[in-house]
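**Q** Just passing along the structure, written as structure tokens.
The values are calculated or read from the model by the stated rules, or taken from the named source; none is laboratory data. All values derive from a computational prediction rather than experimental measurement. So basically every Cβ, Gly included, is an ideal-geometry build from the backbone, and we count neighbours across all protein chains shown. The protein model used for the area step is the full one, side chains on, heavy atoms only, and it has no ligands, DNA or RNA in it. Shrake-Rupley method; radii C 1.70, N 1.55, O 1.52, S 1.80 Å.
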Amino acid sequence: MPLSIDELDELLRLYRLTTTDLALARREFPGDRITLLVNQLVARTYGYVYRDVPSPVSQLRRFYGHDLPVAYRAAWPFLATAAALLFIPWIVAMVAIIVAPETAALMLPPGLLAEIKSGQTWLSISTNERPAMSSFIMTNNMEVSILALGGGIFAGLGTIYVLFENGLSLGATTGALVAYHLQRDLLAWIAPHSF
């Protein structure tokens with residue numbers, strides 16, 4: 001059973017007093033039953049006072065097997081809200097463009113839409129351009145993450161905006177790619193990108 005801070009302080013104080021008494025009892029009354037009893041008490045308390053630091057492997061196992069799942073379960077309302085703020089606009093924008101492809105002009109930059117309509121997209125970039133594109137994607141993802149985190153400073157309004165705007169943008173892009181029959185390329189590009 002875990003002890004409170006006050007109980008730990010009291011345990012340490014009593015432990016120090018008891019070890020001092022044990023040293024005197026061993027010197028003055030080495031064969032006495034009381035000396036043996038005090039020795040047993042000190043030995044049992046030693047495990048609480050001088051507990052070994054857990055190994056890094058057991059700490060990792062405890063973190064991933066217990067602490068992290070507990071934290072996720074405790075934060076589920078926030079995680080569900082964040083998911084809704086991203087995926088609802090994503091799905092709405094995607095369905096709106098699939099149903100009426102002309103609405104893509106309202107949600108996507110003209111250059112990106114023209115690229116999608118022509119069938120020449122960033123989905124099939126040359127091998128030489130892939131490192132630069134990878135750097136761009138990673139930098140963009142970090143920027144979005146930092147903006148979403150930093151947006152919490154403004155009572156969460158900045159975070160809400162970042163999630164909602166990214167949901168709309170991703171949904172509009174996904175919808176346009178599906179509407180113009182580029183979904184196979186999209187899936188082939190997103191699957192490894194997500195990992």
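**Q** Identify the chymotrypsin sites (Phe, Trp or Tyr not before Pro) of segment 46-119 meeting these criteria: DSSP loop state and at most 10 other C-beta atoms within 10 Å of the C-beta. Let's see the in-between values first.
**A** On the way: sites: 46, 48, 50, 63, 64, 72, 78, 87, 90; in loops: 50.
Counting only loop positions with at most 10 other Cβ atoms within 10 Å, the chymotrypsin sites (Phe, Trp or Tyr not before Pro) in segment 46-119 are 50.
**Q** Relative to the longest principal Cα axis of the chain, at what angle does helix 76-99 sit, 0 to 90 degrees, rounded to 10?
**A** 10
**Q** Loop-only chymotrypsin sites (Phe, Trp or Tyr not before Pro) in segment 102-165, please: DSSP not H, G, I, E or B, and at most 11 other Cβ atoms within 10 Å. Can you show the working numbers first?
**A** Details: sites: 122, 136, 154, 161, 164; in loops: none.
Answer in residue order: no site qualifies.
**Q** Per residue, how large is the accessible surface of the chain? Use a 1.4 angstrom probe and give square angstrom.
**A** Working: 14500 Å² over 195 residues.
Dividing the accessible area of the chain by its residue count gives 74 Å².
**Q** Would you mind computing, in nm to one decimal, how far apart the modelled labels at residue 16 and residue 185 are, each placed 7 Å from Cα along Cα→Cβ?
**A** 7.4
**Q** State the Cα centre-to-centre distance between segment 1-59 and segment 100-163 in whole Å.
**A** Cα centroid to Cα centroid, the span is 61 Å.
**Q** Another question, if that's okay. Please sort by residue number the trypsin sites (Lys or Arg not before Pro) in segment 33-116 whose DSSP state is loop and whose Cβ has at most 13 other Cβ atoms within 10 Å. It would help to have the intermediate numbers written out before the result.
**A** Values: sites: 33, 44, 51, 61, 62, 73; in loops: 51.
Filter output for segment 33-116: 51.
**Q** If you take the beta carbon distance between residue 6 and residue 79 as r and set R0 to 35 Å, what does 1/(1 + (r/R0)^6) give as a FRET efficiency, to the nearest 0.05? Kindly include the intermediate steps, with their values, before the conclusion.
**A** Working: r = 35 Å, r/R0 = 1.01.
Here the calculated transfer efficiency is 0.50.
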